[in-house]
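Presented below is the structure to which this report refers.
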Amino acid sequence: MTLQYVIVQQPSTAAQQLFLLYHGVGDNPHSMAQLGGWFAREFPQAQVVAVGAPAPGHYWFSETAQHDQSEQQRVNAVLPQFVDSVRYWQQQSGVQSNATALVGFSQGSTMVLEGVKAQPDLAGRVVAFSGRYATLPESATTRTTIHLIHGEYDEQIPMQHAEQAAQRLTALGGDVTLDIVEDLPHAIDDRSMALALKHLHYTVPKRYFDEALSGAKPGDDDVIMMM
């Protein structure tokens, strides 16, 4: 099964950042493209692409057990195709992983979280709206800065999943922020987007401090540098 892409923004000059957006169950890349408009306006030199799930029902992995497979196994089955979508657009745009941001909602967030869990060099930033890991990570890295944004009243994926993920990543020495949006159900609203954009503009990745201590200089093409 092939993936569907909707190009939201393609700069006339060389792209400085890459934003890839992954939707939830039953949704499609066209609706995520509307969300992508926010990132396009804030980052005019970024390539912004919404990616559609491969399954006919517009989902990344089945939410019901099949052949006694765990959720992690179902995610792992589609993970190579997910990773290929990221690598493909990095190659097409000429943007390296440290200037790549993966943005997901719901099941799309599970895919971006699991993607960077499996391949820590996949992206420099993750924005996970209303999502969760299939299973909490056993290790973490500062190569990826993870922004968890979750609704207080999310009944589909309760906010405790985001809290547990933040606690685990912090304990493992990872780089994570957590924002709980008051009174918000399983959705993205203007407050959620404002938080995401604020983090992308102003939250300094932890790896910068590590690089400073080692005498290295952060690259100018990272998402954080685009004010």
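Could you tell me whether any residue of segment 110-131 is touching a His at 6+ places or on another chain (Cβ under 6 Å) and modelled with pLDDT of 95 or more? Yes. Looking only at segment 33-46, which residues are open to solvent by 10 Å² or more (accessible area, probe 1.4 Å) and in contact (Cβ under 8 Å) with a residue 40 or more places away in the chain? Across segment 33-46, the qualifying residues are Leu35, Trp38, Glu42, Gln45.
For segment 73-128, the set of residues classified as touching a residue at least 60 places away in the same chain (Cβ under 8 Å), open to solvent by 30 Å² or more (accessible area, probe 1.4 Å) and assigned to a helix (DSSP H, G or I) consists of Gln81, Asn98, listed by residue number.
Counting the residues of segment 177-204 that are open to solvent by 30 Å² or more (accessible area, probe 1.4 Å), out of contact with any Gly (no Cβ under 7 Å at 6 or more places or on another chain) and either touching a residue at least 40 places away in the same chain (Cβ under 8 Å) or under 17 Å from Ala101 (Cα atoms) (or both) gives 8.
Condition check ((1) over 15 Å from the mean Cα position of the chain (by Cα); (2) more than 24 Å from Ala53 (Cα to Cα)) across all residues:
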| residue | (1), (2) |
| --- | --- |
| Val103 | no, no |
| Glu114 | no, no |
| Phe129 | no, no |
| Glu138 | yes, yes |
| Ile157 | yes, no |
| Ala171 | yes, yes |
| Ile180 | yes, yes |
| Asp183 | yes, yes |
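Selection of segment 5-19 for residues being over 9 Å from Ala50 (Cβ atoms), within 20 Å of the chain's Cα centre (by Cα) and open to solvent by 70 Å² or more (accessible area, probe 1.4 Å) yields Gln10, Gln16.
The values are calculated or read from the model by the stated rules, or taken from the named source; none is laboratory data. For clarity, every value in this text was computed on a predicted model and none was experimentally measured. Neighbour counts are summed over all protein chains in view; Cβ atoms, including those assigned to glycine, are modelled from backbone coordinates with ideal geometry. Calculation scope for accessible area: heavy atoms of the full protein, side chains included, ligands and nucleic acids excluded. Shrake-Rupley method; radii C 1.70, N 1.55, O 1.52, S 1.80 Å.
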